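*Asks:* The structure follows.
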Amino acid sequence: MRMRKKRRGGERLSQLSALFVSGKEYKTAFDCERPLRIEIGCGKGDFICQLSKIEPDYNYIAMERVDDVIVVAAEKYAAGRDLGQLDSHGGWKTPDGTIYDGERWDIPLEMRGNVRFMNCDASTLDEIFDEESLDTVYANFSDPWTKNGYANRRLTHPDFLKRYLRILKSGGYFRFKTDNVELFDFSLESVEAEPGFELTFVSRDLHASERAETNIMTEYERNFSSQGIKINCLEARKK
């Protein structure tokens, strides 16, 4: 589904740019050191906003390459931390009534919480993150790239799995969810063939599994589930 162009999207990104990092900035972006997790393709931010509250003893990077999507995720996170709300004219209104209209709000570090946003493509993962620096990599409802010749763009292609292995710590996890059966079959085969990973959980109906109670749903997941579509999930641990 193509995301509708956001009104004043560039200005809105600038207003909350203190919550964004690029390159190696992630190393000094948080107020305290915690194990680091990333979500590739964070969408509108439902998953990362919920997870960062439920499991606060981690730092999180939410990656998304589409500007008009990641701005929604950042605004949702900021609002959830009581940092204000989007003003009716497009500026960001802070709790004290100050409005940043296209200008950066230099949010104090201690108020930024445990999530930072990264506006980039997943193909740059191993250029950005150091070897064995991550606790977990999440990939939820990524593009299945079903056209012929596009399989290498799938986030579970062997090339991507090797990237994850380089940046995950020993014992770190790769967690993947999709509604697409063809993509899941491909992903399962790819992970099983990768000697650096061992599968620790597989389900073709996540919401009927033992993980259902603790599962955090994305916005896509709620939509698919409401249509009766089963959710596929796998979890793999770096040996």
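The values are calculated or read from the model by the stated rules, or taken from the named source; none is laboratory data. If you're wondering where the values come from, they're calculated on a predicted model, not measured in any experiment. Reconstructed Cβ throughout: ideal geometry from the backbone, glycine too, with neighbour counts over all protein chains shown.
*Asks:* Within segment 132-158, track down each residue that is more than 17 Å from Val69 (Cβ to Cβ) and touching a strand residue (DSSP E or B) at 6+ places or on another chain (Cβ under 9 Å).
*Replies:* Glu132, Ser133, Leu134, Asp135, Thr136, Val137, Pro144, Thr156
*Asks:* For the condition among the basic types (Lys, Arg) and surrounded by 12 or more Cβ atoms within 10 Å (Cβ to Cβ), what is the one hit in Arg222, Arg204?
*Replies:* Arg204
*Asks:* Can you tell me which residue in segment 135-176 is nearest to Glu219 (Cα to Cα), limited to those that are of a type in the set (Lys, Arg) and touching a helix residue (DSSP H, G or I) at 6+ places or on another chain (Cβ under 9 Å)?
*Replies:* Within segment 135-176, the match that is nearest to Glu219 (Cα to Cα) is Arg154.
*Asks:* Going through segment 113-160 one residue at a time, which ones are under 24 Å from Leu16 (Cβ atoms) and at pLDDT below 95?
*Replies:* Hits for segment 113-160 are Cys120, Asp121, Ala122, Thr124, Leu125.
*Asks:* Please go through segment 124-139 and give me each residue that is among the small types (Gly, Ala, Ser) and either free of Cβ contacts under 8 Å to residues at least 24 places away in the same chain or in contact with a Ser or Thr (Cβ under 9 Å, 6 or more places away or on another chain) (or both), ordered by number.
*Replies:* If the condition is that a residue be among the small types (Gly, Ala, Ser) and either free of Cβ contacts under 8 Å to residues at least 24 places away in the same chain or in contact with a Ser or Thr (Cβ under 9 Å, 6 or more places away or on another chain) (or both), then Ala139 is the only one that fits.
*Asks:* For Lys177, are the conditions met, namely being basic (Lys, Arg) and under 15 Å from Glu39 (Cβ atoms)?
*Replies:* Taking the combined requirement at face value, the residue satisfies it.
*Asks:* To continue, here is another question. Being under 18 Å from the mean Cα position of the chain (by Cα), at pLDDT 95 or above and either among the β-branched types (Val, Ile, Thr) or over 19 Å from Asp46 (Cβ atoms) (or both) narrows it down to one of Glu235, Glu194, Glu189, so name that one.
*Replies:* Result of the check over Glu235, Glu194, Glu189: Glu235.
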